[in-house]
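Everything below concerns the one structure shown next.
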Amino acid sequence: MRRNTVKRALVAFALALPGAAIATVAAAPAAHADGCYTWKRDLYQGLSGDDVRQLQIRVAGWTSRGGIVRIDGDFGPETAAAVKRFQSAYGLRSDGIAGKQTFTKLYQLQDNDCTPAHFSYRELDDGCGKGGWSGGPLSATDTKASAVRTMWKLEALRRGLGDKPLNVTSGFRDSSCNKKVGGASDSQHLYGNAADLTSGSRSLCEVARASRDHGFSGIYGPGYAGHDDHVHVDSRRENNYDKSTNRTSWAAPDCGVSR
Ligand SMILES: [Zn+2]
């Protein structure tokens, strides 16, 4: 099915090309170059590479309920399903193949610093006001990379909530900041892997419930101790550096969210 679709697309493309237009078409990718990352080939199931990994980071918020997209550079069924959901969410043809349309949308969504359009490093780097990505258990580089992955899931969640703004009240915290605010001793916030959210236009329960469909394996919200005024989301299942097992943990009893 997939292979046929690709083949058909290629044939149609070749037939549509008048000889003189070839040079123009071949030069087209450069026009879509982006300050953060530019894809150079179509991506579909079976391929692997860093370009797949870059794609996975950006579609990881488009999972089935409770699912995750492994950021492993291998384009498998899980990635294809996420690409399809991403495409549907943005009104593109939903075929699970990342080609021109999908990349164009991703370029629109990503800023030159690799953060998605509606979230910024500054917003995720609360650190009790100190700034910077050091002082946690991971290197500053790895912590910042986790924050980028968190932000792409938040971008998906925001879209899933109907493009309504989400406020991040706490993102990365260094160890002393985490102690100061009374965070769990091995909190996902220490890894750049978590965000505390509020919304001016959606209820906290709406945020907690929607988070289940956007790749968050940790969700705590209303009804769970200390979480009546925000929703905490994280990616604990993907965190191999913390001390807990890679399991999903959801608790927002007032919202019917549990796992
Ligand atoms: Zn939190």
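Each reported figure results from applying straightforward, stated rules to the coordinates on display, with no laboratory input. Worth saying up front: this structure is predicted, and the values here are computed from it rather than measured. No Cβ is skipped: glycine too gets one built from the backbone with ideal geometry, and neighbour counts run over all protein chains shown.
Tabulated results
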{"read-out": "Helix-only mean residue ellipticity at 222 nm for the chain, each DSSP H run of n ≥ 4 adding -39500 (n - 2.57), per residue, nearest 500", "value": "-11000 deg cm²/dmol"}
{"read-out": "Separation of the residue 90 and residue 186 label points, Cα + 7 Å toward Cβ, nm", "value": "3.7 nm"}
{"read-out": "Segment 185-200 - phi-based ³J(HN,Hα) in whole Hz, Karplus 6.51/-1.76/1.60, Gly and Pro as x", "value": "4, 10, 4, 5, 4, 5, 9, x, 9, 9, 9, 9, 10, 9, 9, x"}
{"read-out": "Under 15 Å from the Cα of residue 180 - aspartates and glutamates, other chains or at least 8 residues apart", "value": "126"}
{"read-out": "Distance between modelled label sites at residue 201 and residue 53, nm, 7 Å Cα→Cβ extension", "value": "3.7 nm"}
{"read-out": "Amide proton proximity set for residue 224, modelled H, under 5 Å, gap of 5+", "value": "254"}
{"read-out": "Length-normalised contact order for the chain - Cα pairs under 8 Å, 6+ apart - percent", "value": "16 percent"}
{"read-out": "Using θ = phi - 60° and Karplus 6.51 cos²θ - 1.76 cosθ + 1.60, couplings along segment 164-174 (whole Hz; Gly, Pro as x)", "value": "9, x, 10, 9, 9, 8, 7, x, 5, 10, 6"}
{"read-out": "Contour minus Cα-Cα distance for residue 258 and residue 179 (0.36 nm per residue)", "value": "25.8 nm"}
{"read-out": "Stokes-Einstein D in µm²/s, Kirkwood radius over Cα pairs - segment 130-259 at 20 °C with 1.002 mPa s viscosity", "value": "148 µm²/s"}
{"read-out": "Derived scalar couplings ³J(HN,Hα) [segment 61-78; Karplus, 6.51 cos²θ - 1.76 cosθ + 1.60; whole Hz; x for Gly, Pro]", "value": "x, 10, 9, 6, 4, x, x, 9, 10, 5, 8, 10, x, 10, 7, x, x, 5"}
{"read-out": "Residue 74 versus residue 108: modelled label distance in nm, points set 7 Å from Cα along the beta carbon direction", "value": "3.3 nm"}
{"read-out": "Size descriptor, Kirkwood hydrodynamic radius, that averages inverse alpha-carbon separations across the chain, Å", "value": "19.2 Å"}
{"read-out": "Normalised contact order of segment 122-193, rounded percent, pairs of Cα under 8 Å and 6 or more residues apart", "value": "44 percent"}
{"read-out": "Radius 15 Å from Cβ of residue 39, net charge of other residues (Lys, Arg +1; Asp, Glu -1)", "value": "+2"}
{"read-out": "5 angstrom amide H check on residue 251, placed H, neighbours 5+ away", "value": "219, 220, 221"}
{"read-out": "Listed pairs 153/243; 100/164; 84/144; 100/130; 105/164 exceeding 29 Å between Cα atoms", "value": "100/130"}
